[in-house]
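Q: Before I ask anything, here is the structure I am working with.
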Amino acid sequence: MTAPTAAPTGCLIIIGNEILSGRTQDVNLNHLAKVLGGLGVRLREARVVADDEAAIIEAVNQTRARYTYVFTTGGIGPTHDDITAACIAKAFGVPLLRDPEAVRRLEAHYQGTGRELNEARLRMANVPQGGILIDNPVSAAPGFQIGNVFVMAGVPAIMQAMLASLTNRLVGGPVVLARTVRCLVGEGELAGGLSAIQDRYADVDIGSYPTYREGRFATSLVLRSPDAARLAAATEEVATLVRGMGAEPEVVEGAA
């Protein structure tokens, strides 16, 4: 019998001082997690790093060796602090080159706009040797892929368009299904019984998330598994646990 192939994994590296300073709130992580989840790629880690060469190189080299796919956002614009492309080239030990196809796309985009395609904007056509362009239907300046690393813009609309254009390059696995059991029971009361259920269903990820509603402590219990039968069985045990505490569970599809 052939051993089952491990599910592909992913990591996001969010690059930018503006994220770490609080000036900009990241929304790309949420979008990427949902898209990858739908493809059966497990997002296992997210890092936020400053616009610092050593930090970017270290993060890229660590994560590309650990995960099936690594995605970066931010730092591929025309200004002095957009250093991601150069850092990725150094991480892979290859030169950063002016890509002719990227230049062509930028020329076509700026033609007739009244804006100059100056040297600063041409920096967005610099790609590590061996990189494959990622389409940017919003503002033309492409991202790129090198090895298992996908480099995208930080602006959410552009990042989302780039991600949509590259998903056909990803090989997914079984899609993880989710169910949520909501109840007006504090998680401290559920902890013992929930731990026993988790022991019986080691292949089902069970998360407990406390909330406060209707003037009472409440809990959302989120169960995830690629196996629909095991997920259903574990969900029923969790619902039975809640009923045993005198509450009525609300079971919903998805990780609501």
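The values are calculated or read from the model by the stated rules, or taken from the named source; none is laboratory data. The model shown is predicted, which means the values in this text are computed figures rather than measured ones. Cβ sites come from the backbone with ideal geometry, for glycine too, and all protein chains shown count toward neighbours. Note: accessible area is taken over every heavy atom of the protein model, side chains too, but ligands, DNA and RNA are not part of it. Shrake-Rupley method; radii C 1.70, N 1.55, O 1.52, S 1.80 Å.
Q: Of the listed values [x] 14.5; [y] 17.8; [z] 13.4, identify the label whose number matches mean projected area of the Cα convex hull in nm² calculated from this model.
A: [y]
Q: Report the FRET efficiency, 1/(1 + (r/R0)^6), for residue 116 and residue 33, where r is their Cβ-Cβ distance and R0 is 45 Å, rounded to 0.05.
A: Efficiency, from the Cβ-Cβ distance: 0.70.
Q: Just from its helices, what would the mean residue ellipticity at 222 nm be for the chain, if runs of 4 or more DSSP H residues each count -39500 (n - 2.57) and the sum is divided by every residue, rounded to the nearest 500 deg cm²/dmol?
A: -11000 deg cm²/dmol
Q: For residue 26, what accessible surface area do you get with a 1.4 Å probe? Give it in Å², rounded to 10.
A: It works out to around 40 Å².
Q: So between residue 213 and residue 189, what do we pick up on full extension, going 0.36 nm a residue minus the alpha carbon distance?
A: Between residue 213 and residue 189, full extension yields an extra 7.0 nm.
Q: Of 80, 31, which has the most accessible area with a 1.4 Å probe, and how do the rest follow in descending order?
A: Solvent-accessible surface, decreasing: 80, 31.
Q: What GluC sites (Glu not before Pro) does the range 209-255 have in DSSP loop regions with at most 11 other beta carbons within 10 Å?
A: Passing sites in the range 209-255 are 214.
Q: Give me the one-decimal nm value for the distance between modelled label points at residue 18 and residue 54, 7 Å along each residue's Cα-to-Cβ direction.
A: Here the answer is 2.6 nm between the modelled labels.
Q: So if each residue of separation counts as 0.36 nm, and I subtract the Cα-Cα distance between residue 61 and residue 229, what length gain in nm does that give?
A: 56.6 nm
Q: If you restrict to DSSP beta bridges whose two residues both lie in the chain, what percentage is antiparallel, to the nearest 5?
A: Just about 65 percent of them are antiparallel.
Q: With the radius of gyration and the Kirkwood radius both derived from the Cα set of the range 1-112, what is their ratio Rg to Rh?
A: Rg divided by Rh gives 1.04.
Q: Follow-up. With a cap of 14 neighbouring Cβ atoms within 10 Å, and only residues DSSP puts in a loop, list the GluC sites (Glu not before Pro) found in the range 61-148.
A: Sparse-neighbourhood loop GluC sites (Glu not before Pro): 116.
Q: Highest mean first, how do 57-70, 183-196 rank when packing is the count of other Cβ atoms within 10 Å averaged over residues?
A: The peptides rank, most packed first, as 57-70, 183-196.
Q: Which order do peptides 122-135, 12-25 fall in by mean Cβ count within 10 Å, highest first?
A: Final packing ranking: 122-135, 12-25.
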